[in-house]
Amino acid sequence: MSSHSLATRTEKTEPAPARTRRTRNRGWKPRLAPLSILRLLILFGFGIFCLVPLIWLLLTPTKTDAAILGDFPLSFGTFDRLAAAWQHLTAYSGGILFKWMLNSVYYSAGSLVITIVTGLLAGYAMATMRFPGRKTILTLTLLSMVMPATVTVLPLFLEINAVGLTNTAASVILPASFFPFGVYLAFVYFSTSVPKELLEAARLDGCSEFRAFISVVLPIAKPLIGLLAFFSFVANWNNYFLPYVMLSDQDAYNLPVGLGALMAGSPALHPERGGSFLPITRPEVALAGLIVVIPIALLFLIFQRYLVRGILSGSVKS
Amino acid sequence: MTTSRRAAARSSATAWAFTAPYALLLLAFGVAPAVYAIYESFTSAKNPGSLGLDSYAMVLHDFRFWPAIGNVALFMVIWIPVMVCGTILLALLLHERVGRLSSTMRLIFFLPGAVTGSAAVLLWYFMLDPQVSPFAPALHAMGLHNSIDVFTSSHLAPIFALVAFITGVGQWIVVMFGALQGIPEELIESAKLDGAGPFGTALLIKLPLIRKYVIYMMILAFAAALQIFVEPSLFYSITQSGSAWWSLNQLGFAFAFGQGDFAQAATVSVILLVLSAAAALFLVFRTDFFKTEVES
């Protein structure tokens, strides 16, 4: 069975067994009660451990540095203070934060477009056509998919440096466009969810492969495009090591690398190391962190289903 | 015969036209850097022009190399068992009673995964600082009263393990939970009829059936842990604990940018590449995860 149908089955069957099991436990095994309580304690306990840091991060930019040290950690400050933190942060280094935001959007979107176009075409070809070299590409894709992308970052720098492209947008966008996991998702999707009859009908109609791809395949690939866009965006928005190595010019940083520079360079996190006239303190740095995190957290909340399905098709198959 | 051969040639030309853009990316940013790193690692800054093992000898005798291996190994030894046990425990607990609570909790466990890289370092730097952390009572109970107590060099491996665990566990719970959902309902029911309690069912029926996913998780975790860079690099620049060569990737970075010695940087990369390629080869060819894809 495909991973795909596994995921949908998961959603469908959830409520039913829960109900039957609950009633049965109640009737048969009252001795389970302490265990159930222990189960809930562990689950809620870990849930709180997951949520508290995120809530803290949301609240902290609304407080003064002194309030962060003195007040209850999970208290709300004022909106005025949040506005002040925003002003300090955007004034930092001549408004460089806006440059980092734009760069983040530009790098992520650039890689996303190239990833989707190349991934759809290649995944479709490997799933529906047989050609010499197919198996090699498929195997290399699987291998590079399970190897962490960071393993080639330093060699990539040597390569990009050899052609004189370091410190350019291309040095981040192009390597990040190589996204084997996306190609694998496309391959699995087209292997399992494009009916052969549909393609054969299109071919009999005299459509060229490319026309058939545009008019028949693309319309049914919309969920796949969403999935690819989601995973590619999350990976690239959070990318640190590649841009950190490729870009030496602060103006070219993306948000995560900019945040790293802010943390390392401003006295916000180590005030004991000496005074500074910069108004960059803990709330400002926390706000910068929040700006990096919020887009991804929102995507997680909105596209939960994509998330689960993509992760499952990467591993769970029966 | 000729027409069909011509048709086959035409259709593989079409297939290649579809595959070529991706194949170029694969070649340029997957294969080429690996090949280039291997070549570069056989050069050496001392004897430019000749190929040999000088850089390997220099890296292996560098005073920073073995400590970096030790640090990364310690990080793995803490993180991987914690993650394996934590993931299995939480996934089994969630699977014990499937429903709305279970799916809400899965989402909550996933959310910390939105905070990775430099943002995770920022967040956990604060979370571990007893002066500002909401977990301050727990930190004080452990005898940690200020940031100097917490951020000592000997605490770095467990701190990185904690950050890696909290950001990654949600994703692995989704995988394990999916695997548990794949167990036939009848199997669990019949175990219950045979008198197996929740512990018995979990340990004797469920766990053996998801064993291969545990192996999958361990291999990927091993490959990911080898690469650790952001956390030690930023923690070093903020707290001055650790060093600029705490991990292997940091050492490679120091070779390339601190000393301008690309040959030794490439050597470190090749060592990492070989280790993660071994893990990847094992996963793709020695487990049945990608069997259908490899053989199709």
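Numbers at a glance
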{"read-out": "Odd one out for B:Phe199 among (1) within 8 Å of chain A (Cβ to nearest Cβ); (2) aromatic (Phe, Trp, Tyr); (3) surrounded by fewer than 18 Cβ atoms within 10 Å (Cβ to Cβ)", "value": "(1)"}
{"read-out": "Subset tally (residues that are in contact (Cβ under 8 Å) with a residue 24 or more places away in the chain and at positive phi) for the range A:91-128", "value": "1"}
{"read-out": "Breaking point among (1) more than 10 Å from chain A (Cβ to nearest Cβ); (2) part of a helix (DSSP H, G or I), for B:Tyr216", "value": "(1)"}
{"read-out": "Single unsatisfied condition, A:Ala85 versus (1) within 14 Å of another protein chain (Cβ to nearest Cβ); (2) buried (at least 24 other Cβ atoms within 10 Å of the Cβ); (3) among the aliphatic types (A, V, I, L, M)", "value": "(1)"}
{"read-out": "Tabulated pairs, the range A:290-301, first at pLDDT 95 or above, second surrounded by 20 or more Cβ atoms within 10 Å (Cβ to Cβ) and not in a helix (DSSP H, G or I), C-beta under 6 angstrom, 6+ apart or interchain", "value": "A:Val293/B:Val115"}
{"read-out": "Count - residues of the range B:276-296 that are more than 8 Å from chain A (Cβ to nearest Cβ), part of a helix (DSSP H, G or I) and touching a residue at least 40 places away in the same chain (Cβ under 8 Å)", "value": "1"}
{"read-out": "Among the candidates A:Ala176, A:Ala212, A:Ala221, residue that is more than 27 Å from the chain's Cα centre (by Cα) and touching a residue at least 12 places away in the same chain (Cβ under 8 Å)", "value": "A:Ala212"}
{"read-out": "Residue within the range B:69-76 that is within 8 Å of chain A (Cβ to nearest Cβ) and in contact with a helix residue (DSSP H, G or I) (Cβ under 9 Å, 6 or more places away or on another chain) present", "value": "no"}
{"read-out": "Residues of the range A:149-176 satisfying the condition of being among the polar types (S, T, N, Q) and under 11 Å from B:Gly30 (Cβ atoms)", "value": "A:Thr152"}
{"read-out": "Residue in the range A:251-259 that is in contact with a helix residue (DSSP H, G or I) (Cβ under 8 Å, 6 or more places away or on another chain) and under 18 Å from A:Val113 (Cβ atoms) present", "value": "yes"}
{"read-out": "Hey, B:Tyr56 of a type outside the set (S, T, N, Q) and either assigned to a loop (DSSP other than H, G, I, E, B) or within 10 Å of chain A (Cβ to nearest Cβ) (or both) or not", "value": "no"}
{"read-out": "Given (1) within 24 Å of the chain's Cα centre (by Cα); (2) loosely packed, with under 14 Cβ neighbours inside 10 Å; (3) more than 30 Å from B:Trp245 (Cβ to Cβ), number of the condition B:Thr104 does not satisfy", "value": "(1)"}
{"read-out": "Single residue of the range B:237-275 satisfying the filter (within 9 Å of chain A (Cβ to nearest Cβ) and free of Cβ contacts under 8 Å to residues at least 12 places away in the same chain) that is surrounded by the fewest Cβ atoms within 10 Å (Cβ to Cβ)", "value": "B:Gln240"}
{"read-out": "Flag for A:Phe157 being more than 17 Å from B:Ala223 (Cα to Cα) and under 20 Å from the mean Cα position of the chain (by Cα)", "value": "no"}
{"read-out": "Segments classed as helices (runs of 4 or more DSSP H), wholly inside the range A:32-91, with at least 2 members that are touching a Phe, Trp or Tyr at 6+ places or on another chain (Cβ under 7 Å) and not assigned by TED's automatic domain parsing to the domain that holds A:Ala288", "value": "A:33-59"}
{"read-out": "Only one of A:Phe72, A:Phe46, A:Phe79 that is within 10 Å of another protein chain (Cβ to nearest Cβ), at pLDDT 90 or above and farther than 21 Å from B:Gln131 by Cα", "value": "A:Phe46"}
{"read-out": "Matching residues, the range A:97-145, being within 30 Å of B:Lys291 (Cα to Cα) and of a type in the set (Ser, Thr, Tyr)", "value": "A:Ser111, A:Thr115, A:Thr118, A:Tyr124, A:Thr128, A:Thr136, A:Thr139, A:Thr141, A:Ser144"}
{"read-out": "Selected residue (criterion: nearest to the chain's Cα centre (by Cα)) from residues of the range B:123-142 that are at the interface with another protein chain (Cβ under 7 Å from one of its Cβ atoms) and in contact (Cβ under 8 Å) with a residue 12 or more places away in the chain", "value": "B:Tyr125"}
{"read-out": "Residues satisfying the stated conditions in the range A:277-309, i.e. of a type in the set (Ser, Thr, Tyr) and touching an Asp or Glu at 6+ places or on another chain (Cβ under 8 Å)", "value": "A:Thr281"}
{"read-out": "Filtered residues of the range A:244-269 (kept if closer than 13 Å to B:Ser118 by Cβ, in contact (Cβ under 8 Å) with a residue 40 or more places away in the chain and over 24 Å from the mean Cα position of the chain (by Cα))", "value": "none"}
{"read-out": "Subset of the range B:11-53 that is in contact with an Asp or Glu (Cβ under 7 Å, 6 or more places away or on another chain) and within 9 Å of another protein chain (Cβ to nearest Cβ) - its residue that is surrounded by the most Cβ atoms within 10 Å (Cβ to Cβ)", "value": "B:Pro33"}
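The values are calculated or read from the model by the stated rules, or taken from the named source; none is laboratory data. What you are looking at is a predicted structure, and each value in this text was computed from that prediction instead of being measured. Methodologically, a virtual Cβ is constructed for each residue, glycine included, from the backbone with ideal geometry; neighbour enumeration extends over all protein chains shown.
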